[in-house]
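Below you'll find the structure, written out as structure tokens, and then a few comments.
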Amino acid sequence: MSLSFARQMLVTASTKRPPAIAGGKRGEPETFITDLPCAPLTPASAETRQRLALNTPIDLLQTFCDASFDVKAGDVLTVDEVDYAVRNVAEYPWRIGSNASRLHVVVERVKA
């Protein structure tokens, strides 16, 4: 991870992932990643909301993390003991000519 990117990773999150379906039922999400350094959650742009075609009463937030972590849509991202549903994950190259890439993680929180 580059030093400039590492300086932006100010939050430690964790993820949960639903287990495989057994007996026609899916169990509660189980801890998957415990120490995920990521950027602070920020509101997702209107462009992101439109691209994902999400027109629901939710707050869309986004973060970035290193692509070496296995984060997928359907996971639950936990930050400061608050759970957020992971709606979309996209991998982007970090630098031209580099093997490093980053994950853009879009999460949702139902508006209270």
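The values are calculated or read from the model by the stated rules, or taken from the named source; none is laboratory data. Computed from a prediction, not measured in an experiment: that's the story for all the values here. We place every Cβ from the backbone using ideal geometry, glycine too, and count neighbours over all the protein chains shown. Keep in mind that these areas ignore ligands, DNA and RNA; they rest on the heavy atoms of the full protein, side chains included. Shrake-Rupley method; radii C 1.70, N 1.55, O 1.52, S 1.80 Å.
Values computed for the structure shown
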item: Strands (runs of 3 or more DSSP E) (entirely within the range 58-103) containing at least 1 residues that are farther than 18 Å from THR34 by Cα and without any contact (Cβ under 8 Å) to a residue 12 or more places away in the chain; result: 82-93
item: The listed residue being modelled with pLDDT of 80 or more and open to solvent by less than 60 Å² (accessible area, probe 1.4 Å), out of ASP75, ASP83; result: ASP75
